[in-house]
1. For the stretch 403-422: of the residues being at pLDDT 85 or above and either charged (D, E, K, R) or in contact with a Ser or Thr (Cβ under 8 Å, 6 or more places away or on another chain) (or both), which is farthest from residue 102 (Cα to Cα)?
2. Against the condition surrounded by fewer than 21 Cβ atoms within 10 Å (Cβ to Cβ), over 25 Å from the mean Cα position of the chain (by Cα), more than 17 Å from residue 353 (Cβ to Cβ) and outside the structural domain of residue 396 (by the TED database), how does residue 256 come out, does it pass?
3. For residue 606, all conditions in the list (1) touching a Ser or Thr at 6+ places or on another chain (Cβ under 6 Å); (2) closer than 30 Å to residue 327 by Cβ; (3) at pLDDT below 95 hold save one; what is the number of the exception?
4. Would you check if there is a residue in the stretch 614-637 being of a type outside the set (A, V, I, L, M, F, W, C), part of a loop (DSSP other than H, G, I, E, B) and touching a His at 6+ places or on another chain (Cβ under 9 Å)?
5. Answer with yes or no whether residue 493 is more than 36 Å from the chain's Cα centre (by Cα), under 16 Å from residue 159 (Cβ atoms) and without any contact (Cβ under 8 Å) to a residue 60 or more places away in the chain.
6. Output the residue which, of all residues in the stretch 855-868 that are buried (at least 24 other Cβ atoms within 10 Å of the Cβ) and either not assigned by the TED database to the domain that holds residue 807 or not in a loop (DSSP other than H, G, I, E, B) (or both), is nearest to the chain's Cα centre (by Cα).
7. Consider the stretch 774-802. How many of its residues are among the β-branched types (Val, Ile, Thr) and over 24 Å from residue 626 (Cα atoms)?
8. Sort out which residues of the stretch 290-326 are in contact with a Phe, Trp or Tyr (Cβ under 9 Å, 6 or more places away or on another chain), part of a helix (DSSP H, G or I) and among the hydrophobic types (A, V, I, L, M, F, W, C), and write them in order of number.
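The values are calculated or read from the model by the stated rules, or taken from the named source; none is laboratory data. Since the model is a prediction, treat every value here as computed from it, not as a measurement. In this analysis, Cβ positions are derived from the backbone assuming ideal geometry, glycine residues included, and neighbour counts consider all displayed protein chains.
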Amino acid sequence: MTDNQSTHVLPEAFSLIDTTALPEINATLIQIKHNVTGARFVHIDADDSNNLFAVAFKTPPSDSTGVAHILEHTALCGSKNFPVRDPFFTMLKRSLNTFMNAFTASDWTCYPFSSQNHKDFNNLLGIYLDAAFFPLLRERDFTQEGHRLEFETADDSSSPLTFKGVVFNEMKGAMADPASLLSRRTTRHLYPTTCYHHNSGGEPEDIPNLTWQQLREFHAEFYHPSNACFFSYGNFPLADHLTIIEKQVLSHFEARDVNSTVPQEMRLTAPVKVSETFPIDAGEPLTGKSMVHMSWLTSDISDSFNNLALTLLSQLLLGNPAAPLYKALLDSGLGTNLSPGCGFHDDYRTTCFAVGLQGTDSDKTDAIEQLILDTLQQIVDEGFTTERIEATIHRLELSNREVGGDSYPYAISLMFRILGPWLHCNDPISALQLDDNLKQLRQKLAEGPFFENLIKTWLLDNTHRITLCLSPDPELGPKMDEQEKERLNAIQETLSSDDKQKLITQAQQLQDSQEGIEDLSCLPTLEMADISHTEPDIASRTIEVADKTVQLYPQPTNGLCYLNLSFPCDHIEESLRPYLPLFSSLLTQIGTDKLTYLEMAQRVEAGTGGIRASIEILDNIDDLNTFQALFQLRGKALNRNFDQLGAILADLCCAADFTDQDRLATVIGQIKSSWQNAIPGSGHSYAVRAAAGQLTPAAKQREQWSGFSQFKLIKQVAELKAGQLDEIVTFMQQIAATIINRCTLSAAFTAEEKQFKECQSALQQLINKIPQRTTVAPQPIAPIEPTAIQLGWTTSIPVSYVTRVFRTTPFNHVDTAPLKVLAALLKANYLHREIREKGGAYGGMATSNSESGLFSLMSYRDPHLERTLS
């Protein structure tokens, strides 16, 4: 037994399988098995106070009723030890969690949470275990979360019938989003014989076919310890977790054979072409709205070496503008951007690879397909350079080392990496260990054209290939609405008087349940004594580098360093101000006076972990009528490559070349496509920005830079072709000459303490290269007199995003803290019930942004508009 093993004394109900050191992430992975049920447990022992727990089950669907998804929702609506209406959402207001959620994937369901407070962690552990293994699964909760029939006027049987339900409305919104639809339709055709053919989230037309009994049977079949994988991460004692799990759950079960195996997909013997459509508003132009997407079935998830190789191949082909397949597609003019979901995907038992174009037309399908195949053959013939391969391996090494950098907590990201191979082939280690596979890769590279052969095997010679064209159809939305109406009318015609009364009674009972005041004393809570009142200290200090103040943040960054350069841009003239976001998007996508954009892209990949630019607004904590705008240029690199990062940033600041109009036109088209993809899933954010823009100068500027106003500007600029962008070139050059100024620069540097001195020389060289210009006074900010106004923006999505925003107080006002509390209370005690439970929206939220002085009420994927506003 190793030293690591000996430090973890396990309860007698468990057996230690293995421990594995993970030096890349400064952690140890411990594999454990429950002796009776065979339940599997992985603990990643790390010096991290943000502890995480999750339990996951393999839940392969056999249809598209969304049973796994609806069960995920319903399981959190009350359990044996916590028989209240909604313990999950109730715990949100009596917990110090850093993350609480649940996920339904294509073949698994997972319930994770994280907390830094030990008592809170154990409280949530009890809630989650009871919800997963002993849920009440009441019929009324199924009808609330999944689907139900109600009359439009709930107590009037002569009014039309409607479908209601949280998941039903969520999936109506998701399946009207072209990007989501592309992903779903691709897997439907790529996996014709396995569970991935079905939509685990649920197709709106299939969800009403699911019965309450089928939901209960699905839980009984799959939510068993013998089909469970438990995961924990952090520095809380492992034995404590195991003791609680054994007492609360595992001791109540015996071993059982659970048939949750996902078989290998049957291989197609010839490529297939398919066409699908998505809804679009009538009257909206159809040209340039299609997507063409090619996908191949690739290796089994158990083949960790092949999967690593395909991950690297994806980066080689598509990882940056200099990547050959990326470049060929964008240079072709056949589309405006890569289609959503390009690259290698290991989310399935049998992995896949996809590539395509959006912003195209259906009659270009054959040309796009042939271009992709011809380009792949050309790459095989010409090969990859050693420099490109090494740059790609470097990027993989960096991403494996990075702590964070994701929208999820770090531990969640680690869990996602291991979950697929762990669930399907009991291998939670390979995805976190790169060294052995990289060693094998280098041996293969020495033997011959490895990646070129990979292209031939998995792409060019692979007959399991789908070419999908997804095109807009202005008649599809009305057709789907009519089909749903006809279905409801047919049901209504068959209802007897007793049936109608039953629906009225059920609606009233559900409403009574939603409005009832419950005794929540069964739920755990925290006392004041359990809560630390000491604010965590984030160490920092300032130093002088090249006569500029640099803020230093020593952090355990696992061998990476991060640099942030900030330049005020309040002084930019009014005519240029709307173009600042475009400037920030273009700057990192173009070349310099000495390097083309292709050479620059390769340089960035070889020496850094990425560079990005943005425009930020800093609110005045004392006055809502003023703010500061900043242009920020950020980069990260391995410590050994910081000098390369500094040199690249210096070139962007001093020598960016905006004159390549072909490149500008391509990037602007990509920006437009990205906006179009983002709006369906983030409609509430855009609605809030639009409403808030009427209330304060800072919010108005935010809306102009990141709201519908900016989208309108981008669409206008995207209409211009290369050769018509002279004015844009001039604007970009003027902005660069106006805001990039050493006199106004501030910088922040984050790395491990020992790295500061090593990087100081490169940082000094960077700062000295930034041009020093005359400082210009900021433009005056016009105050805004808030006015009550109603705004609307229509889309083809069959659900709404509804917001109401109020101007409140600046940060330093005495009411700031009470407003924060009010927002939390409104969300937990009122909006969740009225908007989600009663209204059927996916979410009802309230936020008080103390920095901006704005209080927002909002709904997400909401079937209502007037009801929500009222």
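1. In the first step, residues of the stretch 403-422 are kept if they are at pLDDT 85 or above; the result is 409-422.
Next, from what is left, pick out any that are either charged (D, E, K, R) or in contact with a Ser or Thr (Cβ under 8 Å, 6 or more places away or on another chain) (or both): 409, 411-412, 417, 421.
On the way: 409: 14, 411: 15, 412: 11, 417: 17, 421: 20 Å.
It comes out as 421.
2. Values: surrounded by fewer than 21 Cβ atoms within 10 Å (Cβ to Cβ): yes; over 25 Å from the mean Cα position of the chain (by Cα): yes; more than 17 Å from residue 353 (Cβ to Cβ): yes; outside the structural domain of residue 396 (by the TED database): yes.
Spelling it out, residue 256 is indeed surrounded by fewer than 21 Cβ atoms within 10 Å (Cβ to Cβ), over 25 Å from the mean Cα position of the chain (by Cα), more than 17 Å from residue 353 (Cβ to Cβ) and outside the structural domain of residue 396 (by the TED database).
3. Exception for residue 606: condition (1).
4. The first filter runs over the stretch 614-637 and keeps only residues of a type outside the set (A, V, I, L, M, F, W, C), leaving 614, 616, 619-620, 622-623, 625-626, 628, 632, 634-636.
In the following step, the residues that additionally are part of a loop (DSSP other than H, G, I, E, B) were identified as 620, 622-623, 625-626.
When the remaining residues are screened for being touching a His at 6+ places or on another chain (Cβ under 9 Å), the result is 622.
Yes: the stretch 614-637 contains one or more residues that are of a type outside the set (A, V, I, L, M, F, W, C), part of a loop (DSSP other than H, G, I, E, B) and touching a His at 6+ places or on another chain (Cβ under 9 Å).
5. Details: more than 36 Å from the chain's Cα centre (by Cα): yes; under 16 Å from residue 159 (Cβ atoms): yes; without any contact (Cβ under 8 Å) to a residue 60 or more places away in the chain: yes.
So residue 493 fits the description; yes.
6. The first filter runs over the stretch 855-868 and keeps only residues buried (at least 24 other Cβ atoms within 10 Å of the Cβ), leaving 858-862.
Next, only the ones that are either not assigned by the TED database to the domain that holds residue 807 or not in a loop (DSSP other than H, G, I, E, B) (or both) stay: 858-860, 862.
Details: 858: 20, 859: 19, 860: 16, 862: 20 Å.
Within the stretch 855-868, the match that is nearest to the chain's Cα centre (by Cα) is 860.
7. Looking only at the stretch 774-802, we keep the residues that are among the β-branched types (Val, Ile, Thr), and these are 774-776, 781, 784, 787, 789, 794-795, 797, 799, 802.
From the residues that got through so far, the ones that are over 24 Å from residue 626 (Cα atoms) too are 794-795, 797, 799, 802.
Result for the stretch 774-802: 5.
8. Matches in the stretch 290-326: 309, 310, 312, 313, 316, 317, 318.
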